[in-house]
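Q: Can you read through this structure? Questions will come right after.
The values are calculated or read from the model by the stated rules, or taken from the named source; none is laboratory data. No experiment lies behind these values; they were computed from the predicted model shown. As a convention, Cβ positions derive from the backbone with ideal geometry for all residues, glycine included, and neighbour counts pool all protein chains shown.
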Amino acid sequence: MEGAERSLRGRIFAAGYDRMGAGVEMAGLGAHRVALLAGAAGRVLEIGAGTGRNLKYYGDAVASLTVSEPEPEPEPAMARRLVRRIGEQPSRVELVLAPCEELPFAEGSFDVVVSTLVLCTVEDQAKALAEICGVLEPGGELLFIEHVRSDRPKLARWQNRLNGVNRLVAQGCNCNRDTVEAIRAAGFTIEKLDRDELKNVPPTVRPLVIGGARRG
């Protein structure tokens with residue numbers, strides 16, 4: 001019964017994902033995507049592509065684009081939307097079904113890895129970042145937009161208290177991860193970091209970081 005309930009929540013979440021996120025995109029997240037992906041060039045991997053929101057923002061400097069997404073269950077509706085958007089792109093996009101913790105690529109396969117609102121949800125963040133580091137060539141870049149643990153102690157405490165609820169209603173999304181420090185701990189040098197807030201969302205998921213980190 002528990003598995004059936006989880007599957008039902010997944011279908012409901014997938015059905016409303018783009019619609020619920022439209023206001024957040026218009027309130028600033030879409031602009032952050034445009035600015036971030038302007039820096040993507042060469043061989044690019046996007047992890048956790050979701051419904052393919054980023055696809056339209058990649059420019060001509062991208063020589064090849066690969067997107068990864070875990071196996072579609074329990075959210076096949078999101079996978080179908082991603083496949084449809086891939087088909088609408090003027091250039092070829094390769095879809096690979098694999099979790100971020102087990103990327104099936106040789107070391108140094110990519111110049112850039114893109115992560116937008118993914119590292120909050122991966123089961124093992126440290127392992128996912130180690131995989132990202134491995135598939136990047138030396139000197140390759142991780143471009144990221146992530147909502148993170150607040151640097152305001154009172155809000156951070158509320159994020160800790162409500163993280164279980166957030167994981168339940170948002171399909172495993174954690175609202176209290178110190179993702180910037182985790183990126184550093186994985187061996188990256190953060191070269192650019194901006195902070196903002198997601199609009200039209202609860203306070204516990206508002207703190208946002210946008211940046212770029214270089215593999216050593």
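Q: Could you list, in sequence order, all residues of the stretch 66-95 that are touching a Ser or Thr at 6+ places or on another chain (Cβ under 7 Å) and at pLDDT 95 or above?
A: Passing the criteria: only E94.
Q: Can you name the condition, by its number, that N160 falls short on among (1) polar (S, T, N, Q); (2) free of Cβ contacts under 8 Å to residues at least 24 places away in the same chain; (3) surrounded by 15 or more Cβ atoms within 10 Å (Cβ to Cβ)?
A: It is condition (3) that N160 fails.
Q: Just give me the residues in the stretch 134-157 being out of contact with any Leu (no Cβ under 8 Å at 6 or more places or on another chain), closer than 20 Å to V112 by Cβ and either part of a helix (DSSP H, G or I) or among the aromatic types (F, W, Y) (or both), in sequence order.
A: Matches in the stretch 134-157: none.
Q: For the stretch 84-103, enumerate the residues that are over 20 Å from E146 (Cβ atoms), buried (at least 17 other Cβ atoms within 10 Å of the Cβ) and of a type in the set (A, V, I, L, M, F, W, C).
A: I86, V93
Q: What pairs come out if I take residues in the stretch 104-131 that are loosely packed, with under 15 Cβ neighbours inside 10 Å and pair them with residues that are in a helix (DSSP H, G or I) whose C-beta lies under 7 Å away, six or more apart or interchain?
A: From residues that are loosely packed, with under 15 Cβ neighbours inside 10 Å, the pairs are E107/G134; E107/V135; E123/E101; D124/E101; A126/A182.
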